[in-house]
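See below for the structure under consideration.
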Amino acid sequence: MVGVEQWAEIRRLHRVEGVSIREISRRMGLHRKTVRRALAAAQPPRYSRPASGSKVDPFRDWICEQLAAEPRIPSQRLRELATEMGYEGGKSIFDDFVREMRPRFLAARTFQRTIYRPGELVQCDLWEPGEQIPVGHGQRRRGWVVTCEVCWSRAIAGSLIFSKEAPDILWGLARNLSRLGGLPEKLVWDRESAIAAGGRPTAAFAAFCGQLEVGWVILEARDPQAKGALERSHRFMRTNFEPGRVFANHIDFQDRLDAWTEKANSRVHRTIRAVPAERLGEEKARMRPVPASLPDVDRRQVLRVPSQPFVRIDRNDYSIDPAFAGRRVEVRVSQTEIAAVVLDTGELACRHRRVFAGGLTLTDPQHQTQLERERENRRQRHQVEVEIRPLSRYDELIPA
């Protein structure tokens, strides 16, 4: 059989140099019929043999019937059933055939390319860092990042929170909108329990959107592809923001996340082939400005100051001025501080910086001083005052 190199040389000699078939046969030691066949062949020679049968062949129709009845049946289970029917072949050839046939019976989901209008949508979600966040006092805590991405410009923003409750999520959402600098027509959310449990917006989320005059889009259950732009940004955070960074505390995490998002927004985005920060500047012309006063999402509770003047917030005890013991106060919990105001007079009962570490008792020095003063007064109240007379009075009573 003529090899590829000989076939190429025969064609070159005859077609380019004009060498006769007889001379080519003499030079290369080949029969003239072999030379003629090489010249007539348009494709290079290759070794081929008829395909041999496979042990799967008798079961091909049966496998297709099973896949038609249950397209997602595991290949291992099909192989077990086929073995009971007499299949004696190997695992690889059986699984390869099932893998080849299965797409014929599955209804594959297809996607159309979504085109966004400027200022139309902002996708929102929660992203959980791979490591727990240091919160001081030698403790670490599980945290989440409320993420927002403007669909047209692809600018992103993120805010760290430590619970998935509505006040924290809505605080992070308000902070992100402030950093992005504009209000969209609608916010896109999945069925997060604090946002849209069961597919309907919660009262807290609806009130938040109503105050900002924005709408919402609640996605179908188990449909992360519907906000794929933000899901890709989450993957970028996992692979680019987290690796190689060690955070001192939650404040350091937030500062470095803000710096990272600004840097990411200033790079050319692969999908839109433009810089998100520049497109966001254009998009703000179509968006309403963020109001100066954002919706109040702080936690509030009313309680009566106990005899031990402390209030428990998020696993920590914060002191209250003991002068207001027994009176009703309204406690306001924000992301940065804990404050309490006396209801009947409006006096400030306490103000503490919020600590996200747990199991702590935080006492204001003034409150501690007041507690010690009151304790000293209570002790003195039980002491009996005894009159001490001068000795001169006894001298007057005793005759000389």
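Some values worked out for this structure:
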| read-out | value |
| --- | --- |
| Order of exposure, largest accessible area first, which applies to Tyr47, Tyr116, Tyr87, Tyr394 with probe 1.4 Å | Tyr47, Tyr394, Tyr116, Tyr87 |
| Listed residues Pro295, Pro184, Pro50, most fluctuating in the chain (Gaussian network, C-alpha, under 10 Å) | Pro50 |
| Distribution of pairwise C-alpha distances over the chain, 10 Å bins, in % | 4, 14, 15, 13, 12, 11, 9, 7, 5, 3, 2, 1, 1, 0, 0, 0, 0, 0 |
| Principal axes of the range 70-111: Cα extent on each, largest first, Å | 41, 17, 12 |
| Estimated FRET transfer efficiency (Thr110, Asp296; beta-carbon r; R0 35 Å; 0.05) | 0.20 |
| GNM result for the chain, Cα springs below 10 Å: residue of Leu30, Leu121, Leu183 fluctuating most strongly | Leu30 |
| Pair-distance profile P(r), taking every C-alpha pair of the range 247-289, with 5 angstrom steps and integer % | 5, 21, 18, 17, 17, 12, 8, 2 |
| Once the Cα gyration tensor of the range 264-311 is diagonalised, semi-axes √(5λ) in Å | 47, 16, 7 |
| The chain: calculated mean residue ellipticity at 222 nm from DSSP helix runs of at least 4, using -39500 (n - 2.57) | -11000 deg cm²/dmol |
| Quotient of C-alpha Rg and 2.2 N^0.38 Å, computed over the range 260-400 | 2.09 |
| Taking all pairs of distinct alpha-carbon atoms in the range 141-238, Kirkwood radius in angstrom | 13.8 |
| Thr34 accessible area, assembled protein chains, probe 1.4 Å, Å² | 30 |
| Placed amide H near Asn249: partners under 5 Å, 5+ positions off or other chain | none |
| Accessible-area ranking of Ile218, Ile133, Ile115, largest first, probe 1.4 Å | Ile115, Ile218, Ile133 |
| Radius, Kirkwood style, for the range 92-134 when every pair of distinct Cα atoms is counted (Å) | 16.1 |
| Largest-first principal axis extents of the Cα set of the range 49-202 (Å) | 69, 47, 37 |
| Fluctuation leader among Arg26, Arg113, Arg327 - the chain, Gaussian network, Cα springs under 10 angstrom | Arg26 |
| Vicinal HN-Hα couplings computed from phi for the range 83-93 (Karplus, 6.51 cos²θ - 1.76 cosθ + 1.60; Hz; Gly/Pro x) | 5, 5, 8, x, 5, 10, x, x, 6, 5, 5 |
| Carbon + sulfur, % of accessible area of the chain - ligands and nucleic acids excluded, 1.4 Å | 48 |
| Residue-level accessible surface for Lys91, protein heavy atoms, 1.4 Å, Å² | 120 |
| Solvent-accessible surface ranking, highest first, for Ile169, Ile272 at 1.4 angstrom | Ile272, Ile169 |
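The values are calculated or read from the model by the stated rules, or taken from the named source; none is laboratory data. Treat the numbers as computed from the prediction; the structure is a model and nothing was measured. Cβ: placed from backbone, ideal geometry, glycine included. Neighbour counts: every protein chain shown. Quick note on the areas: whole protein, heavy atoms, side chains included, nothing else; ligands and nucleic acids left out. Shrake-Rupley method; radii C 1.70, N 1.55, O 1.52, S 1.80 Å.
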